[in-house]
Amino acid sequence: GVYMGASFAPNHKGMPVIAASAKLDFFSKQVRTSRNIRGGWWATWLMGGLNYQIEHHLFPSMPRPHLARARIIVQDYCTRHAVPYTETSLIESYRIVIRYLNRVGLGARDPFDCPIAAQFGRR
């Protein structure tokens, strides 16, 4: 469970949620709602190839060893067509995920003000 969560969360959490009514093509929707994780061979090994999440979403049946090559083509296409391509380090992706979970969690929190949390500037 922890390994799976640590592998899947960095690629999606904190990315934009596209409204069902939005008129976006398949390509733009997949690229805008996924993020890749930089880190070379060790990130690929650690994440089982899912560090190339954008390409995985665009080409779900593509063998994982080919995703790195597809990345170059997809990045070029995104640049030429002004589609934002998000890629970050693994550590930064976890920071994004934690900020996102805090924002979502604090938005749904109980209105009770915890005195200990208030002492540390958390309300």
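The values are calculated or read from the model by the stated rules, or taken from the named source; none is laboratory data. Given the structure is predicted, the values throughout are model-derived calculations rather than measurements. Every residue, glycine among them, receives a Cβ derived from its backbone with ideal geometry; neighbour counts consider all protein chains shown.
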Tally time: how many residues in region 85-105 are touching a residue at least 60 places away in the same chain (Cβ under 8 Å) and either loosely packed, with under 15 Cβ neighbours inside 10 Å or assigned to a helix (DSSP H, G or I) (or both)? 8
Go through (1) touching a residue at least 12 places away in the same chain (Cβ under 8 Å); (2) on the phi > 0 side of the Ramachandran plot one by one and return the number of the condition ALA82 breaks. (1)
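Name the residue that is surrounded by the most Cβ atoms within 10 Å (Cβ to Cβ), counting only residues in region 32-76 that are among the hydroxyl-bearing types (Ser, Thr, Tyr) and in contact with a helix residue (DSSP H, G or I) (Cβ under 8 Å, 6 or more places away or on another chain). Please lay out each step first, then the result.
So in region 32-76, the residues among the hydroxyl-bearing types (Ser, Thr, Tyr) come out as 33-34, 44, 52, 61.
This time we only want the ones that are in contact with a helix residue (DSSP H, G or I) (Cβ under 8 Å, 6 or more places away or on another chain), so: 33-34, 44, 52.
Details: THR33: 18, SER34: 19, THR44: 18, TYR52: 27.
Here the answer is TYR52.
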Being in contact (Cβ under 8 Å) with a residue 40 or more places away in the chain, part of a helix (DSSP H, G or I) and small (Gly, Ala, Ser), is that true of even one residue in region 27-36? yes
Out of curiosity, is LYS23 of a type in the set (D, E, K, R) and surrounded by fewer than 14 Cβ atoms within 10 Å (Cβ to Cβ)? yes
Filter region 52-63 for residues that are within 18 Å of the chain's Cα centre (by Cα) and without any contact (Cβ under 8 Å) to a residue 24 or more places away in the chain; which is farthest from TYR3 (Cα to Cα)? PHE59
Which condition does GLY14 not pass, out of (1) within 25 Å of ASN102 (Cα to Cα); (2) at pLDDT 95 or above; (3) touching a Leu at 6+ places or on another chain (Cβ under 9 Å), if it passes all the others? (2)
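Hey, could you check region 9-26 for residues that are within 16 Å of the chain's Cα centre (by Cα) and in a helix (DSSP H, G or I) and say which is farthest from LEU46 (Cα to Cα)?
Applying the first criterion (within 16 Å of the chain's Cα centre (by Cα)) to region 9-26 yields 9-18.
From the residues that got through so far, the ones that are in a helix (DSSP H, G or I) too are 9-12.
Working: ALA9: 14, PRO10: 12, ASN11: 14, HIS12: 17 Å.
Checking each candidate, the answer is HIS12.
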